[in-house]
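First comes the structure, then the notes that go with it.
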Amino acid sequence: MNQPKRYLDIVLDIRKMISQEKIRPGDRIPSERELAETLKVGRSTIREALRSLELLGLIETRRGEGTFLSDHRNHQLVEVLSTFILQDNQSQKDVWETRMIHEISAIQTICGNESACQLPVWDSFSKRIEEEESFLREDLVKEIMVLSGNRLSLKIWLLLAQYSGNFYKSRVTMDETEMIEDVLAAIRQQDAEKAASSLKIWIAWLQKESKKDDDDT
């Protein structure tokens, strides 16, 4: 006899059905009964899968109307992670390290692309530093993530940054401009090793400053 479908399989089946039927955010998804009949599983299993999707904000139930697909950009994954999963120090450290892996990979990808390294955006950031024009740290790092061309990595990074990167929302200070210039110079020179090393130095400094601020408060 076939083993009962695992819970994760049901979630993936629902996701596949949504894609195949071209259900868009705001559209109604099939009912519990319809899903159970189509996927040939019990309604209790479907209900459990739907509850998890609703917890993450991926679907929403409207009394008397049914269940609808939510806009994925508004889902509550970050809140779920911070509330139930990422409470201990080791988990927070893991978030930092995972985010940094994506950032380092992105900058290495850019350095392997001559056209990306010659884009005027890098000179633009250098000019703003030279003229002491402040900008958000997030602007630079997000530019790196976007120009790497990996959309999945960008989405993951955006989630991680929301949880662990509050300092990215702050503006660049004079104390860190030299570190940022090292990153920009290495990118222009297509020196992946130097660019990654310079980025790590900057991130380590930001971590230290962030911890210092937490200790002060």
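Could we say that Ser44 is open to solvent by 30 Å² or more (accessible area, probe 1.4 Å) and under 12 Å from Val11 (Cβ atoms) here?
Values: open to solvent by 30 Å² or more (accessible area, probe 1.4 Å): yes; under 12 Å from Val11 (Cβ atoms): no.
Against the criterion (open to solvent by 30 Å² or more (accessible area, probe 1.4 Å) and under 12 Å from Val11 (Cβ atoms)), Ser44 does not qualify.
Yes/no matrix, rows are residues, columns are (1) modelled with pLDDT of 85 or more; (2) touching a Phe, Trp or Tyr at 6+ places or on another chain (Cβ under 9 Å):
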site	(1), (2)
Asp27	yes, yes
Glu34	yes, no
Thr83	no, no
Met100	yes, no
Ser115	yes, no
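Which condition number in (1) part of a helix (DSSP H, G or I); (2) at positive phi is the one that Glu143 fails?
The failed condition is (2).
For the stretch 170-203, which residues satisfy the criterion of being open to solvent by 60 Å² or more (accessible area, probe 1.4 Å), in a helix (DSSP H, G or I) and more than 14 Å from Arg128 (Cβ to Cβ)?
Asp175, Glu178, Asp182, Arg188, Glu193, Lys194, Lys200, Ile201
Taking the stretch 127-137, which residues are part of a helix (DSSP H, G or I) and surrounded by fewer than 16 Cβ atoms within 10 Å (Cβ to Cβ)? Give the steps one after another, and end with the answer.
Step one: of the stretch 127-137, the residues part of a helix (DSSP H, G or I) are 127-130, 137.
If the condition is that a residue be part of a helix (DSSP H, G or I) and surrounded by fewer than 16 Cβ atoms within 10 Å (Cβ to Cβ), then Lys127, Glu130 are the ones that fit.
Inside the stretch 106-117, can you point out the residues that are surrounded by fewer than 16 Cβ atoms within 10 Å (Cβ to Cβ) and assigned to a helix (DSSP H, G or I)?
Within the stretch 106-117, the first condition is being surrounded by fewer than 16 Cβ atoms within 10 Å (Cβ to Cβ), and the residues that meet it are 108, 112-115.
Correct list: Gln108, Glu114, Ser115.
The values are calculated or read from the model by the stated rules, or taken from the named source; none is laboratory data. Since the structure is predicted, the reported quantities are computational estimates derived from the model, not experimental observations. Neighbour counts are summed over all protein chains in view; Cβ atoms, including those assigned to glycine, are modelled from backbone coordinates with ideal geometry. All accessible areas refer to the heavy atoms of the entire protein, side chains included, with ligands and DNA or RNA removed. Shrake-Rupley method; radii C 1.70, N 1.55, O 1.52, S 1.80 Å.
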